[in-house]
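Peer 1: One structure is given below, represented as structure tokens, and several questions about it will come after.
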Amino acid sequence: MAAAAATSSHLLLLSRQQAASLRCRLSFLGQPRRPGGRAAAGQAQALGAGVRCMAAVDTAPAATETSSTKSSYELVTLTTWLLKQEQAGVIDNEMTIVLASISTACKQIAALVLRAPISNLTGVQGAVNVQGEDQKKLDVISNEVFSNCLKSSGRTGVIASEEEDVPVAVEQSYSGNYIVVFDPLDGSSNIDAAVSTGSIFGIYAPNDECLADVEDNGTAFRVTNASPTVRVQLDSVEQRCVVSVCQPGSNLLAAGYCMYSSSVIFVLTVGTGVYVFTLDPMYGEFVLTQEKVQIPKAGKIYAFNEGNFALWDDKLKRYMDSLKEPGDSGKPYSARYIGSLVGDFHRTLLYGGIYGYPRDKKSKNGKLRLLYECAPMSFIVEQAGGKGSDGHQRILDITPTEIHQRVPLYIGSVEEVEKVEKFLA
């Protein structure tokens, strides 16, 4: 055998399946064999050069392995997923960059939320936003993080934030095509209690039509942070920003939200279904964890702030009372209310049911903003097979008449939203 090894001049590189079936056949060529089938020792030594090692490869497929088996280490990151959507022609390269920049902003905000008590980022900033609400410290910081990421992407022309008086035109050197609207930190009143919060965003293409805040003489105005009752005349750039931003939700190209909770969840739709990504702290990447999410057609969970029950109209009160009746199933609905739109919506998306923030005697149009909250969430829920309504019409059909317009919102499973619409009709 030593002689055979010495004369070998090549290495046979075989696959695992081939190696498993490798058999070395020793043939002593031209020499007789003994009856027992063994050559004499002297013959073997003398004829070592005549020994051949042959690889017999089985052609039958291995039964223990299949090509469809997915490796436990195979991960689809958000970046990979976006590139695949771009290759398929679903989105263009500019949209890919914008969404990537938003995911970066969400990672930064997630880190800030996680360390908020340590970094002294809890509590009130001391300022009031355009809606007259006290701004939390993280409201201000999150708005700056979101704005900076979008501006530096080089692919956004106008950005509009819930925390800003008016939309902002991105500097000419960075100006791109897309309009991005966002609520940088929804549910910020829960920050001090470490309850779920989130960021919401929507992406539009430019538009030249708007009815926003323009008086009969063509002059546009805005309110100020200092006093929501004070109106300041807009300059020409601000007027163009207002015109571009005021579009119905049906014009949305993409929408999503990021929830900061026990896990950091990034939910996204580009008009082809709803996809869920979870931030893996080991890699610092959002990893695809759910595809083509579908909300149940009906559910037994409702999320309303019943502390305002006395302020609601009688039709809505009758609807709420009906949820507490056992009904045919013998079991009433369950009440679950976090007080954070992102948290309540995410549970509704997965389990079914309805989330509602209705109008009342104090807030004639409710408290949720059409552009930054209601429209993006309604776009997401419709992509998942659900419905978003103001109680009388589809949210995505409403054209904003002002930047910070509020509307009532009923969103969730189709059957549940249609049920409340019947009561309010």
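The values are calculated or read from the model by the stated rules, or taken from the named source; none is laboratory data. All values derive from a computational prediction rather than experimental measurement. Note: ideal-geometry Cβ built from the backbone for every residue, glycine included; neighbour counts use all protein chains shown. When the accessible area is computed, the model is the full protein with side chains, heavy atoms only, and any ligands, DNA or RNA have been set aside. Shrake-Rupley method; radii C 1.70, N 1.55, O 1.52, S 1.80 Å.
Peer 1: Checking the conditions here, which among Leu112, Leu75 is surrounded by 10 or more Cβ atoms within 10 Å (Cβ to Cβ), under 29 Å from Leu253 (Cα atoms) and modelled with pLDDT under 90?
Peer 2: Leu75
Peer 1: Hey, Val223 hits all of (1) of a type in the set (A, V, I, L, M); (2) farther than 21 Å from Val180 by Cβ; (3) touching a Ser or Thr at 6+ places or on another chain (Cβ under 8 Å); (4) modelled with pLDDT of 95 or more but one; which does it fall short on?
Peer 2: Only one criterion in (1) of a type in the set (A, V, I, L, M); (2) farther than 21 Å from Val180 by Cβ; (3) touching a Ser or Thr at 6+ places or on another chain (Cβ under 8 Å); (4) modelled with pLDDT of 95 or more is unmet by Val223, namely (4).
Peer 1: Which residues, taken from the range 309-356, are aromatic (Phe, Trp, Tyr) and in contact (Cβ under 8 Å) with a residue 40 or more places away in the chain? It would help to see each step written out before you state the result.
Peer 2: Applying the first criterion (aromatic (Phe, Trp, Tyr)) to the range 309-356 yields 309, 312, 319, 333, 337, 345, 351, 355.
Within the range 309-356, Trp312, Tyr319, Phe345, Tyr351, Tyr355 meet the criteria.
Peer 1: Among Ile102, Ile91, which is assigned to a helix (DSSP H, G or I), within 20 Å of the chain's Cα centre (by Cα) and either at pLDDT 65 or above or on the phi > 0 side of the Ramachandran plot (or both)? Even if it seems obvious, please write down each step before you answer.
Peer 2: Numbers: Ile91 fails: assigned to a helix (DSSP H, G or I).
Step by step, each of Ile102, Ile91 is checked, and only Ile102 is assigned to a helix (DSSP H, G or I), within 20 Å of the chain's Cα centre (by Cα) and either at pLDDT 65 or above or on the phi > 0 side of the Ramachandran plot (or both).
Peer 1: Then there is this: Could you list all residues from the range 175-193 that are small (Gly, Ala, Ser) and in contact (Cβ under 8 Å) with a residue 24 or more places away in the chain?
Peer 2: So the first thing to find is which residues in the range 175-193 are small (Gly, Ala, Ser), and the list is 175-176, 187-189, 193.
Gly176, Gly187, Ser188, Ser189, listed by residue number.
Peer 1: Could I ask something else about it? Would you tally the residues in the range 296-335 being outside any loop (DSSP other than H, G, I, E, B), closer than 15 Å to Lys419 by Cα and either in contact with an Asp or Glu (Cβ under 6 Å, 6 or more places away or on another chain) or open to solvent by 60 Å² or more (accessible area, probe 1.4 Å) (or both)? Give the derivation first.
Peer 2: As a first pass, look at the range 296-335 and keep what is outside any loop (DSSP other than H, G, I, E, B): 301-303, 306-311, 314-323, 334-335.
The next check asks that each one be closer than 15 Å to Lys419 by Cα; those that pass are 301-303, 315-323.
Right, trim to either in contact with an Asp or Glu (Cβ under 6 Å, 6 or more places away or on another chain) or open to solvent by 60 Å² or more (accessible area, probe 1.4 Å) (or both) and you get 303, 315, 318, 321.
Count: 4.
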